[in-house]
Every structure is written in structure tokens, then in C-alpha cells.
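Visitor: Pasting a structure here, questions to come.
The values are calculated or read from the model by the stated rules, or taken from the named source; none is laboratory data. Small disclaimer: the values here were computed from a predicted structure and weren't measured. Cβ placement follows ideal geometry from the backbone for every residue including glycine, while neighbour counts extend to all protein chains displayed. Surface areas here come from the heavy atoms of the whole protein model, side chains and all, with no ligands, DNA or RNA. Shrake-Rupley method; radii C 1.70, N 1.55, O 1.52, S 1.80 Å.
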Amino acid sequence: MRSLLDVPWWYVDDNKARSHPVLGQMLSQFRSRWTASSALSIGVLGVGNIGMVHLKSALAMPGVEVLAAADAVPENRNRAERAGVPRTYDDYATLLASEDIDAAIVALPPFLHAEAVERAAEYGIDVFVEKPLARSTEEADRMLETAERAGIAVGVDHTLRYQPDMVGVKEAYVEGGVGHVPYASITRLNDGPLGRPPADAAPPSWPLDPDAVGGGSLLELGIHCFDVLEWLFGDLEVRDATMGRTLEIPVEDAATVLLRAPETETTITLHCGSYQWEELPEVNTRLRLEGITGTISNRDHLPGNFYASAAREALSNVASRFRDGEPNVFGPTFYLQAHYDALEDFCDAIRENETPPISGLDGRRSLALAETAYDLAAETETDELEAPEVMS
Amino acid sequence: MNAVRLAAVDGADRRGGWRPGIDTRMATLESAIASLLDRHRESIAATDRVTIAPDVHYPFHPSTGMVTDPAVVGAIAAWFDRETDTDLTVVGRSDDRIAFDRTASYLGYERVLDRFGTDVVDVADESVPQRNEYRAADGRSVALSVPEPLLDRTVIVVPTLRPSADGSAGGAMRTLASLVNCTADPARTAVAATRAIDPELVLLDGTIAYGRDPVAANVLLSGSVPAVDAVGTSLLGRETDENDALSTLLEEGETPVAVENPDEVDLASIRERLSGGQLPPTDETHPAVSTAYRIYAAASGDAVPPQLEGR
């Protein structure tokens with residue numbers, strides 16, 4: 001059994017930092033730009049797939065002004081400009097040096113997260129970092145230590161807990177709807193960077209490069225599952241794990257982890273993989289809480305018909321416009337709404353000088369769980385490879 | 001040669017229709033591969049150099065039937081290694097989506113073929129000589145650039161039994177067309193490529209076929225390009241006359257396609273399971289949906305998700 005590492009020595013809760021004379025002064029200095037009447041100015045670092053979702057969210061968010069976006073790929077910069085970004089850069093470091101922004105969304109590949117956060121820290125810019133926070137806890141520690149010293153806030157985009165079906169599970173669980181939950185299971189599957197037929201586009205190479213990403217499916221998908229499980233059950237302990245590869249690729253495309261939540265005395269299995277063809281809008285995320293009196297399942301909190309649900313949301317948003325209301329951004333898409341809500345919560349926290357609801361420490365904790373799982377899986381693999389002693 | 005010969009592959013011990021271990025699959029394939037290749041021993045073993053052209057267009061998992069199982073090609077390489085002194089090469093071609101060496105490596109081709117000292121060659125590589133060829137197709141002369149390993153060596157095409165994106169059967173002609181450079185339309189390119197390369201044999205991998213879903217058909221088919229493609233097309237529930245390239249080559253055949261089925265493979269059952277199958281729908285948003293979403297977004301003030309922007 002492994003337990004999570006303790007809170008690092010350098011970590012100071014953001015709220016506590018405000019009572020710390022030096023850190024408090026730094027925070028005050030960096031955050032003095034925000035007032036209730038001014039918009040939070042944002043730069044988006046990386047506008048590939050998920051970066052564009054963040055960009056669109058930020059552009060639609062009241063009280064937020066997107067000043068610039070950066071991406072090394074010209075097509076991505078063009079898309080960002082078409083979406084309404086005033087300025088684009090081919091290098092995120094130049095954006096950070098040139099723009100007077102309050103916060104940056106770091107949607108770069110994982111191998112650039114630490115560097116980008118460290119650059120942002122030089123300018124006192126708060127950061128909202130795409131998951132995984134870093135490629136390792138060691139890298140996360142360096143990143144968070146820098147952020148702490150600079151007095152910047154770090155939020156992490158763990159969106160699973162923002163999905164309406166997960167919120168529904170949590171509400172039912174908190175209400176005690178099935179009594180004690182001795183066992184839970186979570187599965188998250190998709191088709192990863194290689195996709196499914198027909199293969200129309202070139203798959204990016206970095207998601208399959210362990211040096212660039214730090215791992216495979218466990219860091220891409222499992223990391224979300226760790227976050228949502230801790231959100232439900234509290235601290236987790238990893239008991240065992242196994243990794244698999246359905247193709248001869250450099251990282252795992254399947255991971256299974258056995259966990260234990262001591263506070264709720266719940267045993268949990270987690271399985272994630274990037275091997276299964278996904279046909280949107282169907283998404284294969286299953287969460288089941290097996291309780292004494294029954295089961296809580298996220299499937300019970302999904303729309304019965306995604307298209308009918310989308311139509312209802314769309315009509316509701318149009319009607320809301322005529323009543324001078326704000327639209328429920330990405331409402332018809334169901335899943336993308338979670339990204340908007342996560343970013344909105346981060347921005348609200350920054351405005352209120354509060355710790356982001358999913359902080360860098362939360363992101364690090366999920367990473368630590370993944371690392372423990374990798375270690376245990378490697379131990380098991382080594383044990384299996386060792387030749388048995390033959391008695392004659 | 002207008003006969004297609006079938007060989008059953010023992011699938012009785014395959015839980016779920018698939019055995020992950022490539023050695024296990026190769027062992028299962030050994031007798032079926034031998035039964036088909038032995039009949040062509042004279043023609044293919046007499047040559048010094050043979051090129052194998054499997055369907056390795058993208059690293060889809062072999063258990064889906066969307067690519068040729070590396071175990072099939074491995075079993076062919078094992079037969080050549082055991083029975084002949086032939087120099088064997090396996091070819092594929094990089095395209096604008098993915099490099100062939102990545103696909104071959106991810107699928108396990110490189111590892112299994114390394115055992116037999118078989119080269120895996122990307123015919124798009126600059127080091128591979130290309131030769132300009134001209135062949136008639138549909139009454140017109142078609143110019144194409146063909147990699148020399150497909151011209152100077154005896155060629156065996158090893159496609160998989162699956163539909164293609166345009167709805168027709170994948171097949172040998174399409175596999176050959178994917179290996180040449182040609183600006184003609186797909187049908188004429190397929191005809192011209194098949195004529196220029198003039199393969200000695202087609203060995204169709206139907207161990208796992210893809211219809212609407214994967215189907216453990218547990219069969220191998222061998223014969224000429226038009227004969228095997230015609231049977232494959234039929235198994236996928238398509239009409240051969242809907243495929244212009246295949247129709248062109250079939251019309252030249254002097255005799256109708258015959259099927260030799262010594263293992264009594266249940267073709268009707270395979271056809272029933274595969275018939276009408278097609279690839280999953282593309283992820284690309286239909287332009288009408290993109291337009292509708294933009295109108296909705298303008299009316300509501302909502303954002304347009306990047307996935308629905310359209311190109």
C-alpha cells in the first residue's frame with residue numbers, strides 16, 4: 001500500500017498566503033490590477049483542440065477580456081484570429097512578455113507546462129493549466145514552488161467533476177441515497193490520438209511520446225478520474241495497478257488501478273484507455289457507486305437523447321436572449337459546458353483573491369496517484385518477468 | 001487464373017475471436033498459409049526476390065479487420081524462410097497523415113519481420129527508385145510513378161477484407177493503388193497500378209474482417225487480383241459492377257470466377273455478417289450542421305464550439 005506524499009514544505013495555501021507578510025504583499029501587488037469594475041484580462045497559450053475550447057469559453061465569458069493567443073501553428077493562430085482574438089503570437093513567451101494580462105490559460109503540450117508557468121510567474125500572471133499539471137510530481141513541485149514564490153495562483157483544468165452527470169452522482173451520494181458505498185468503479189475510454197476510421201487527419205506525435213507527456217492513458221484520462229474520485233470520496237490510496245498496450249506504442253493505452261478511500265471505506269477500480277473507437281456524442285465515461293440499497297450511476301444523469309437535449313438547451317438560450325439573460329455557454333453540447341464552468345470558477349476565484357477551486361496542489365495530488373500506480377504496475381511486471389526458481 | 005481458393009483458419013480456441021499473442025496467431029495460421037502458398041510454390045519460390053504488399057494504411061488495431069494482421073504477413077514470411085531462399089521485402093507507403101514506419105512499428109510489423117530478416121520499406125522514401133509507367137485504363141493511357149520494388153520483384157498483395165471510405169471493398173486493387181503516384185481518378189489509378197505491378201498472387205486476410213463491426217471470419221482467400229477482389233466484394237454485400245476498376249478487370253477475364261472451398265468455409269454466413277457494412281461516419285461536422293449552429297449562436301449569444309466550426 002502506498003500513501004500520498006505529504007504537502008510539500010513550500011506549499012502555502014493561497015488564503016494563508018494573504019496573511020503572510022511577504023507573500024501577501026506580493027499577491028496584493030500582482031492582483032491590484034483587478035477591480036470589481038474591470039474585466040479580467042486573459043492570454044491563451046496554445047490554441048489547438050482544447051486551447052480553442054478555452055479560448056471560445058473565455059471570449060463568451062462575462063467579465064473576461066481575451067487580449068491575445070499564442071500558438072506555433074499558423075493555422076491555429078488564424079483560427080484564433082477568426083474567433084475574435086485581437087493579437088496572436090507564434091511564441092507564448094513573447095505573449096507573456098508583451099501583453100498586460102491578469103491570467104494565462106496554459107493549453108500547451110505537457111512538456112511545456114512547467115516552462116510556461118515559470119515564465120508566467122516572472123510577470124505575476126496567474127495560470128489555469130490544462131491537465132496533467134506536469135509530467136511528474138517532481139516537475140509539478142518545481143512549478144508550484146516557483147508559483148508560490150511569485151505569488152501567482154495555479155488552477156488545473158480537471159473538468160470531469162464539472163460534468164452534469166458527475167454532479168448528479170455527487171448530489172445523490174451526498175444525500176445518502178444508497179447508504180454506505182463499499183465499492184465504486186470508474187471507466188473512461190476513448191480513441192486517443194490515433195482515432196478511428198476513417199482516418200482523415202494526421203495524428204499528433206507528442207501524445208505518444210513519453211518524454212513529452214510523461215505517460216499514456218493514465219495521465220491523459222485516468223488523471224481526470226483520480227480527481228473526480230477524490231472529489232467524491234476524499235483522500236485515496238493506490239493498492240495495485242496494471243498497464244497495457246494494445247498496439248506497440250511507446251506509452252500505455254490502457255490502465256487499471258485498484259484504490260481505497262479510507263474515509264468512506266470504499267474500494268474502487270479505475271480503468272482508462274485510449275484504445276476504444278469513440279463516436280460522438282456518445283462518450284464512454286462510466287461511474288458507478290454500489291451502495292447498500294442500490295446503485296448510483298452517472299448514466300442516470302445523462303440526457304436520454306443528446307440531440308433532443310441539445311435542441312432544448314438551444315431553445316432555452318434563444319429565449320433567454322430575448323429576456324436579456326446570459327446564454328448557458330456550450331449548453332447544447334453537454335460535455336463542453338464543463339470546460340466553460342471550470343474556467344469560469346477559476347476566473348471567479350482569481351477575481352475574489354481566492355484559491356482556485358481545483359488548485360495546483362489538487363493537480364499534483366492526482367499526479368502522485370498516477371505515479372504510484374505506475375510504480376506498482378512496474379513492480380508487478382518485474383515480478384512476472386523474474387524466472388521462477390526450479391527445484392530439482 | 002480465375003479461381004479463388006479458400007483456406008479455413010482454426011478459430012475455435014479464440015476467445016472473443018482474437019488472440020493477442022502474435023506467436024499464437026502465427027501458429028494458428030501456419031497450415032492455412034502453407035496450403036495456399038504450396039500451390040504457387042513453383043512460381044513464387046522460383047524467384048529470388050518477393051515483395052509483400054499488405055494493407056497497412058493506418059495503425060488501426062488488427063483485431064478490427066481494418067488492416068492486414070501482422071501475424072498473417074509474419075506467417076507468410078515464416079513460410080518463405082522455411083521453404084525458400086527468397087529475399088523478402090514488405091512495403092507500405094507514408095501519406096500526409098502518418099509515416100509508414102510509425103504505422104508498421106505500432107502494428108508490430110517491424111518486430112515480427114525482424115525475426116526473418118525481412119526488410120520493411122517505405123516506398124515513399126526518397127531512396128526508393130520510382131519508374132514512370134504508362135498503362136491503359138478505361139480506354140485512356142494513364143501515367144503513374146511506380147516504386148521499383150513493385151516492378152522488379154514478384155509481388156504478393158495481402159489486403160484485408162474491409163470496406164473503404166467510399167463504400168466499396170478495400171481489396172487488392174486499392175492496396176496497389178495506394179502504393180503508386182498517379183493523378184488519374186481512383187478507378188483508373190487502381191486499374192493502371194494493377195496492370196503495371198501485375199502481382200503474382202493475392203492472399204486476402206479474412207481472419208478478422210470488418211463489416212459494420214469486426215467479424216471473426218477465420219478465412220484466407222488466394223487467387224488473382226480481379227478474382228479475389230470480386231469474391232471480397234461479394235462477401236461485403238456489394239455488386240462488382242458498382243466498382244468501375246474491378247468491372248474493367250473482370251470484363252477482361254476469359255472465364256467466370258470460380259471458388260475452390262476444400263475446407264467448406266461457410267461463405268453465406270460470412271456474407272450475412274459482413275453485408276452492407278461500412279466504415280463509421282466521419283467526425284467531420286456536416287456543413288449544414290455548422291451553418292445551423294452558427295445561426296443559433298448568433299441568435300442566442302452562445303459560442304460556437306471549435307468542433308462545430310467546420311472547415
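Visitor: Antiparallel versus total DSSP beta bridges in chain A: what percent is that, nearest 5?
Guide: For chain A, the DSSP antiparallel bridge percentage is about 50.
Visitor: For chain B, give the percent of accessible area contributed by carbon and sulfur heavy atoms, probe 1.4 Å, rounded to a whole number.
Guide: Solvent-exposed carbon and sulfur of chain B make up 45 percent of the total.
Visitor: What residues qualify as long-range amide H neighbours of A:V181, i.e. H under 5 Å apart, gap of 5 or more or another chain, H built at 1.01 Å from N?
Guide: Long-range HN contacts for A:V181: none found.
Visitor: Moving to a separate point now. For region B:3-278, give the share of DSSP beta bridges that are antiparallel, in percent and rounded to the nearest 5; count only bridges with both residues there.
Guide: Percentage antiparallel, nearest 5: 55.
Visitor: Going through region A:139-238, which GluC sites (Glu not before Pro) have at most 14 other Cβ atoms within 10 Å and a DSSP loop state?
Guide: A:E175
Visitor: How large is ³J(HN,Hα) for each residue in region A:329-337, as worked out from phi by the Karplus curve 6.51 cos²θ - 1.76 cosθ + 1.60 (θ = phi - 60°), to whole Hz, x for Gly and Pro?
Guide: 3J(HN,Hα) across region A:329-337, in whole Hz: 4, 6, x, x, 8, 6, 7, 5, 3.
Visitor: Less than 19 Å from a label point 7 Å out along the Cα-to-Cβ axis of A:E81: which backbone N atoms in region A:92-114 qualify, by residue?
Guide: Label zone hits: A:92-96, A:98-99.
Visitor: Ignoring ligands and nucleic acids, what accessible area does A:E279 show with a 1.4 Å probe (Å², nearest 10)?
Guide: For A:E279, solvent-accessible area is about 90 Å².
Visitor: Take A:F111, A:F322 and sort them by solvent-accessible surface of the protein heavy atoms, 1.4 Å probe, largest at the top.
Guide: Largest accessible area first, the list is A:F322, A:F111.
Visitor: Moving to a separate point now. Any chance you could check the Cα centroid distance between region B:2-78 and region A:173-209 for me, in angstrom?
Guide: The two parts, judged by their Cα centres, are 33 Å apart.
Visitor: Over what distance in Å are the Cα centres of region B:123-143 and region A:314-385 separated?
Guide: With region B:123-143 and region A:314-385 each reduced to a Cα centre, they are spaced 53 Å.
Visitor: Now for a separate question. Can you work out the accessible area per residue across region A:161-301, with the rest of the protein chains kept in place, probe 1.4 Å, in square angstrom?
Guide: With all protein chains present, region A:161-301 gives 39 Å² per residue.
Visitor: Accessible area per residue of chain B at 1.4 Å probe, in Å²?
Guide: Result: 42 Å² of accessible area for each residue.
Visitor: Apply the Karplus parameterisation 6.51 cos²θ - 1.76 cosθ + 1.60, with θ equal to phi minus 60°, to every residue of region A:207-224 and state each ³J(HN,Hα) to the nearest whole Hz, in sequence, with x for glycine and proline.
Guide: x, 9, 9, x, 5, 7, 10, x, x, x, 4, 5, 7, 7, 10, x, 4, 5
Visitor: Treating only the Cβ of Lys, Arg, Asp and Glu as charged (+1, +1, -1, -1), what charge dipole size does region B:3-278 show about its Cα centre? Round to the nearest 20 debye.
Guide: 560 debye
Visitor: Most mobile of A:P110, A:P204, A:P62 per a Gaussian network model of chain A (Cα springs, under 10 Å)?
Guide: Of A:P110, A:P204, A:P62, the Gaussian network model singles out A:P204 as fluctuating most.
Visitor: Which shape class applies to chain A: rounded if a/c is under 1.5, otherwise prolate when a/b exceeds b/c and oblate if not, where a ≥ b ≥ c are the square roots of the Cα gyration tensor eigenvalues?
Guide: Cα axes put chain A in the rounded bin.
Visitor: What accessible area, in Å² to the nearest ten, does a 1.4 Å probe give for A:Y275?
Guide: 90 Å²
Visitor: For A:G216, enumerate residues with amide H under 5 Å from its amide H, sequence gap 5+ or separate chain, H modeled in the peptide plane.
Guide: It is A:E252, by chain and number.
Visitor: To continue, here is another question. Lys and Arg at +1, Asp and Glu at -1: add these up for the other residues within a Cβ distance under 15 Å of A:L287 and post the number.
Guide: For residues surrounding A:L287, the net value is 0.
Visitor: Further question on the same structure: Report, in whole Å, the centroid distance computed from the Cα atoms of region A:216-269 and region B:262-287.
Guide: Going from one Cα centre to the other spans 36 Å.
Visitor: What residues qualify as long-range amide H neighbours of A:I105, i.e. H under 5 Å apart, gap of 5 or more or another chain, H built at 1.01 Å from N?
Guide: A:G43, A:V44, A:L45, A:F128
Visitor: Dipole of chain A, Cα-centred, from +1 at each Lys and Arg C-beta and -1 at each Asp and Glu C-beta, to the nearest 20 debye?
Guide: I would put it at about 1280 debye.
Visitor: Between A:R119, A:R312, A:R323, find the one with the highest GNM mean-square fluctuation for chain A; connect C-alpha pairs within less than 10 Å.
Guide: Highest fluctuation among the options: A:R323.
Visitor: How many percent of the accessible area of chain A is carbon or sulfur, using a 1.4 Å probe?
Guide: 49 percent
Visitor: Another one. Viscosity 0.692 mPa s, temperature 37 °C: what is the translational diffusion coefficient of chain B from Stokes-Einstein with a Kirkwood Rh over Cα pairs, rounded to a whole number of µm²/s?
Guide: Taking Rh from Cα pairs, D becomes 162 µm²/s.
Visitor: Express in % the proportion of alpha carbon pairs of region A:161-301 at distances exceeding 28 Å.
Guide: For region A:161-301, the share of Cα pairs beyond 28 Å comes to 23 percent.
Visitor: Something else now. Specify whether the C-alpha gyration tensor of region A:56-122 places it in the rounded, prolate or oblate class, a ≥ b ≥ c being the square roots of the eigenvalues: rounded for a/c under 1.5, otherwise prolate if a/b is larger than b/c and oblate if not.
Guide: It comes out oblate by the Cα gyration axes.
Visitor: Using a 1.4 Å probe and counting only protein heavy atoms, how much accessible surface gets buried when B and A come together, both sides summed, in Å² to the nearest 100?
Guide: Accessible area lost upon association: around 3100 Å².
Visitor: Quick check: net charge around B:T84, other residues with Cβ under 14 Å of its Cβ, Lys/Arg +1 and Asp/Glu -1?
Guide: It works out to a net charge of -4.
Visitor: Could you give the Stokes-Einstein D for region B:1-139 in µm² per second, using the C-alpha Kirkwood radius, 25 °C, 0.890 mPa s?
Guide: 148 µm²/s
Visitor: How large is ³J(HN,Hα), in whole Hz, for each residue of region A:137-147 in order, when computed from phi with the Karplus curve 6.51 cos²θ - 1.76 cosθ + 1.60 and θ = phi - 60°, using x for Gly and Pro?
Guide: 3J(HN,Hα) across region A:137-147, in whole Hz: 5, 4, 5, 4, 4, 4, 4, 6, 5, 4, 4.
Visitor: To continue, here is another question. Say we join alpha carbon atoms closer than 10 Å with springs in a Gaussian network model of chain A; which of A:N353, A:N190, A:N49 then has the biggest fluctuation?
Guide: A:N49
Visitor: Can you give the accessible area of B:Y293 in Å² (nearest 10), computed on protein heavy atoms with a 1.4 Å probe?
Guide: Rounded to the nearest 10, the figure is 30 Å².
Visitor: Name the shape class, rounded, prolate or oblate, that the alpha-carbon gyration tensor gives for the protein assembly as shown, where a ≥ b ≥ c are the square roots of its eigenvalues, rounded holds for a/c under 1.5, and otherwise prolate holds if a/b is larger than b/c and oblate otherwise.
Guide: Cα axes put the protein assembly as shown in the prolate bin.
Visitor: While we're on this one: Report, in cubic angstrom per residue, the convex hull volume of the C-alpha atoms of region A:59-208.
Guide: 189 Å³
Visitor: List, largest first, the extents of the alpha carbons of region A:270-392 along their principal axes, each in whole Å.
Guide: 86, 40, 34
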